[in-house]
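Read-outs throughout are calculated quantities, based only on the coordinates presented, and are distinct from any laboratory measurement. From a predicted model like this one, the values you see are computed outputs, not experimental measurements. In this analysis, Cβ positions are derived from the backbone assuming ideal geometry, glycine residues included, and neighbour counts consider all displayed protein chains.
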Amino acid sequence: MRRRICFFRLPLLLIGALACTQPTPSTSNRPPLLAERPKNIVLLIGDGMAVAQVSAALYWRGVGRSVWERFPVVGFHKSHSYDERVTDSAAGATAFACGQKTKNGAIGLVPPDYTPCRSILEELDAQGWATGIVVTCSATHATPAAFIAHQDLRAFTEYIAEDYLKTAIDCFIGGGRGYFADRPDRRDLLDSLRRRGYVIRQGAGLRHLPSDGSAPFYLFTAEREPPAANEGRRYLPPAAAYACTYLKKRSEKGFFLMVEGSQIDWALHANDADWLKAEMLDFEATVAEVLRFAQQDGETLVIVTGDHECGGMGLNPAKSPRQFEPAFTSRLHSAVMVPVFAYGPQAHLFSGVYENTDLYFKMWQALDRQPN
Ligand code: MG
Ligand code: ZN
């Protein structure tokens with residue numbers, strides 16, 4: 001409990017410290033003050049998560065205990081894609097990754113000619129940052145793919161897997177081993193990765209990984225898509241925490257990590273409130289793990305957002321006056337604005353109402369760097 005109380009006070013302490021530009025002297029039992037600039041960025045994406053989903057999670061967890069109430073900065077982004085009011089996850093993730101709107105379905109390709117854009121992950125990798133992806137879908141699914149692949153259609157999963165060989169990403173945790181090893185073209189991409197020095201593991205255990213940072217790794221949690229959070233999947237919160245600690249050891253410069261609660265969207269497409277609850281609480285626990293790391297680290301900017309809303313979800317009155325009834329108006333994505341939560345150095349950049357593409361520029365601005 002003591003730690004939590006400190007954490008709640010931290011934002012106020014920081015605002016005070018920044019306002020007077022005189023850092024408050026830290027004492028031994030206080031968390032370190034935040035650096036002026038982040039070295040590390042963790043971008044957490046709840047696929048399909050907007051205000052209704054966050055509200056539901058907040059009430060399911062219990063007001064005052066929810067991770068959302070710990071963020072000092074909140075903004076909203078407009079999620080529309082290049083030519084449609086309602087985006088899909090491919091265009092949504094490309095907007096975050098590359099800072100450009102694209103057509104629905106495109107992975108890391110942008111108009112007018114649909115040429116490849118360089119993602120912030122690829123660019124920071126080229127500039128010496130450690131990079132990682134931790135997801136609850138397969139590696140080839142739209143959201144992780146947009147940070148590393150360049151394909152005309154999100155359905156080109158075998159080609160997306162090949163694109164993973166082009167960036168020296170330091171760690172990947174998620175599903176999709178089959179797209180690398182069990183392919184129609186009979187190529188074994190895992191062999192190619194091993195030849196490049198990667199440790200390849202299977203399962204959800206974090207024990208047999210190069211935890212000292214001595215080698216890059218892939219941990220495949222499933223052959224294709226991992227199970228749902230209410231079917232026994234538990235790895236996302238510890239894997240996200242593990243990736244932060246691991247990546248910190250991989251580069252002096254800093255790290256970029258993308259973490260996705262991928263199946264929030266799938267529960268919403270299915271209009272399945274029980275599944276949604278399990279996914280949102282799993283994602284919330286993941287955000288809490290990353291915040292804990294960032295609080296101790298002091299040099300990590302944490303951004304949490306969704307790529308779009310899904311399900312046209314509402315929180316309606318329930319029979320019990322203190323409960324709510326989750327309701328869905330569709331099985332598709334919607335156009336409502338999506339909240340952005342930020343914590344850490346330069347978090348203030350993320351307040352306001354802006355385009356989804358601005359997240360990309362704000363991350364670069366926070367680092368005080370530019371893509372080459
Ligand atoms: Mg996704
Ligand atoms: Zn979707």
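Remark on the chain: ratio of C-alpha radius of gyration to 2.2 N^0.38 Å is 0.94.
Amide H contacts under 5 Å for Lys103: Tyr82, restricted to partners 5 or more places along the chain or on a different chain, H placed in the peptide plane at 1.01 Å from N. Taking every DSSP beta bridge that has both ends in the chain, the antiparallel portion is near 35%. With each label modelled as a point 7 angstrom along the Cα→C-beta vector, the Arg65-Ser211 pair spans 2.9 nm.
Calculate, in whole percent, how much of the Cα-Cα pair population of the range 207-312 lies beyond 23 Å. The calculated P(r) of the range 207-312 puts 34 percent of pairs beyond 23 Å. A simple spin-label model places the labels of Asp274 and Ser351 4.3 nm from each other, with each point 7 Å out along Cα-to-Cβ. The phi torsions of the range 152-168, fed into the Karplus equation with coefficients 6.51, -1.76 and 1.60 and a -60° offset, translate into couplings of 5, 9, 4, 6, 7, 5, 5, 5, 4, 4, 4, 5, 4, 6, 8, 10, 7 Hz, rounded to whole numbers, with Gly and Pro shown as x. Extension gain, Asp368 to Ala126: 0.36 nm times the residue separation minus the Cα-Cα distance gives 85.5 nm. Looking only at Gly306, Gly298, Gly261, which one moves most when the chain is put into a Gaussian network model with springs between Cα atoms under 10 Å? So, out of Gly306, Gly298, Gly261, the one fluctuating most is Gly298. For the range 118-167, the convex hull drawn through the C-alpha positions has a volume of 67 cubic angstrom per residue. Of all complete DSSP H helices in the chain, those with a Cα span along the helix axis of 18 Å or greater and a mean Kyte-Doolittle hydropathy of 1.0 or more are 2-20.
Think of the chain as a dipole: +1 on every Lys or Arg Cβ, -1 on every Asp or Glu Cβ, centred on the Cα centre; then among Val304, Pro227, His333, Val304 lies furthest on the positive end. For the range 201-253, the convex hull drawn through the C-alpha positions has a volume of 86 cubic angstrom per residue.
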